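The values are calculated or read from the model by the stated rules, or taken from the named source; none is laboratory data. Please read these numbers as outputs of a predicted model, since none were measured by experiment. FYI the Cβ positions are ideal-geometry reconstructions off the backbone, even for glycines, and counts take in every protein chain you see. Accessible surface areas use protein heavy atoms only, side chains included; no ligands, DNA or RNA. Shrake-Rupley method; radii C 1.70, N 1.55, O 1.52, S 1.80 Å.
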Amino acid sequence: MPTISRKGHQMPASPIRKLVPYAEQAIKNGKHIYYLNIGQPDIKTPEVALNAVKQNDIDILSYSRSEGSEEYRVKLANYYKKHDIPISHEDIIVTTGASEALLFLFSSIMDPEDEVIISEPFYANYIAFSTASGVKVVPAICNIDDDFALPSVETFEKLISPKTKAILICNPGNPTGSLYSKEEIQQLANLAIKHDLFLVADEVYREFIYDGETHYSIMQVENLKEHAVMIDSVSKRYSMCGARIGCLVSKNKLVMQTVLKFAQARLSPPTYAQIASEAALDTPQSYFDEVIHEYVDRRNTLISELQKIEGIKVAKPKGAFYCIVELPIKNSDHFAQWLLEKFDINGETIMVAPANGFYSTPHVGLNQIRIAYVLNKESLIKAVHILKEALKIYKD
């Protein structure tokens, strides 16, 4: 029979979604699941975004421009300016989610066998994007014992080789919730300039910053214009994961011209989703104030409950809505599956994301899970209780 490509064999399964069949079977068996595995907020999407679609009187659902509608990009540029990010709508290409933005970028700036340095652990699909592009991931390893702080500039510099084309960070981070300071961003910027590399920042969680901290974008570094590429999305900001609207932002004209060719090859981003995303930009600040307050409460509740469990480590996040938890187990893949297949308390169990899928380094993160605190506090308390009781009887 015809064979599958080498790239197809190398493409990793999602560590977040690969357990779905076991969850579906658990539901068929009558179990209730607390979903801690995926970053799907339970926060309501702003009504202004939903109404823009519901009340629209489009007669013909046409293609938009390949770079996204000009109306949306102009309004999006104004949003960034309010956050002290001085860009024009011409510096923006709208994509089908941040995922497509990264795929387009990898193909635009790197050839097969080129290297990208990424602070690890990182969003699992970075491995998928690099595999699809034939690019090698070089990890800059972070550690749970120091709350996954960004490695030193010296550590990054030692990883640079003749094949290195870019450094990629997620700020604030998925899966760790780490937040990088202005000083750290500036140090990475200086390194990128020194070695003539791209500095790429996935900033989709920029609104979710806690404890009085502030977010500093790579687009705010004045002398980084030719090196900086920002990735963004409406998915988390407005609880609009299903819209699949993201964007790529850069002042590097050659990068934008190249990315646009990939955007033209897929024709255009979805029209209705752009309409919703444009309307979402009118969401009042009060919405974000309430959401941030809610997430701080959830984070504090989750961390407090987890710290009551003997034998675990948990890093306290400063942003986003994830944390990494180290458990007294050997294999979190097996543990996560066991929770769905073999364990429940009064018909309830939990679904977690095994953390080894967020590492490219072999055999690292096997005893860790990622928890997304996208459930209400009462559910989080119940979920941690289930985790605590499960650990008492689980055998590797």
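With respect to being surrounded by 23 or more Cβ atoms within 10 Å (Cβ to Cβ), among the aliphatic types (A, V, I, L, M) and farther than 30 Å from Ile369 by Cβ, Ala189 falls outside the description. Cβ separations smaller than 8 Å between residues 6+ apart or across chains give the following pairs from the stretch 248-259 residues that are modelled with pLDDT of 95 or more to residues that are charged (D, E, K, R) and assigned to a helix (DSSP H, G or I): Val249/Asp91; Ser250/Asp91; Lys251/Asp91; Met256/Glu90; Met256/Asp91. In the set Thr155, Thr176, Thr214, which member is over 20 Å from Arg298 (Cα atoms) and of a type in the set (Val, Ile, Thr)? Of the residues listed, the single one that is over 20 Å from Arg298 (Cα atoms) and of a type in the set (Val, Ile, Thr) is Thr155. When Arg244, Arg266 are checked against the criterion of being at pLDDT 95 or above, surrounded by fewer than 23 Cβ atoms within 10 Å (Cβ to Cβ), charged (D, E, K, R) and within 16 Å of the chain's Cα centre (by Cα), Arg244 stands alone in meeting it. Take the stretch 122-148 and flag every residue that is out of contact with any Pro (no Cβ under 6 Å at 6 or more places or on another chain), part of a loop (DSSP other than H, G, I, E, B) and buried (at least 17 other Cβ atoms within 10 Å of the Cβ). Phe122, Tyr123, Val135, Cys142, Asp147, Phe148 - these are the residues of the stretch 122-148 that are out of contact with any Pro (no Cβ under 6 Å at 6 or more places or on another chain), part of a loop (DSSP other than H, G, I, E, B) and buried (at least 17 other Cβ atoms within 10 Å of the Cβ). Is there a residue in the stretch 78-93 that is open to solvent by 10 Å² or more (accessible area, probe 1.4 Å), touching a Gly at 6+ places or on another chain (Cβ under 6 Å), within 16 Å of Met230 (Cα to Cα) and not acidic (Asp, Glu)? No. Which residues, taken from the stretch 289-312, are open to solvent by 40 Å² or more (accessible area, probe 1.4 Å) and more than 22 Å from the chain's Cα centre (by Cα)? Of everything in the stretch 289-312, those that are open to solvent by 40 Å² or more (accessible area, probe 1.4 Å) and more than 22 Å from the chain's Cα centre (by Cα) turn out to be Ser304, Glu305, Gln307, Lys308, Glu310, Gly311. Is at least one residue of the stretch 387-395 surrounded by 22 or more Cβ atoms within 10 Å (Cβ to Cβ), touching a helix residue (DSSP H, G or I) at 6+ places or on another chain (Cβ under 6 Å) and not hydroxyl-bearing (Ser, Thr, Tyr)? No - not one qualifying residue is present in the stretch 387-395.
Filtered by the rule that a residue be within 22 Å of the chain's Cα centre (by Cα) and open to solvent by 10 Å² or more (accessible area, probe 1.4 Å), the stretch 218-232 gives Met219, Gln220, His227. Per the listing Ile43, Ile117, the residue uniquely in contact with a strand residue (DSSP E or B) (Cβ under 7 Å, 6 or more places away or on another chain) and surrounded by 14 or more Cβ atoms within 10 Å (Cβ to Cβ) is Ile117. So which residues in the stretch 46-65 are crowded, with 19+ Cβ neighbours inside 10 Å and among the hydroxyl-bearing types (Ser, Thr, Tyr)? Across the stretch 46-65, the qualifying residue is only Ser64.
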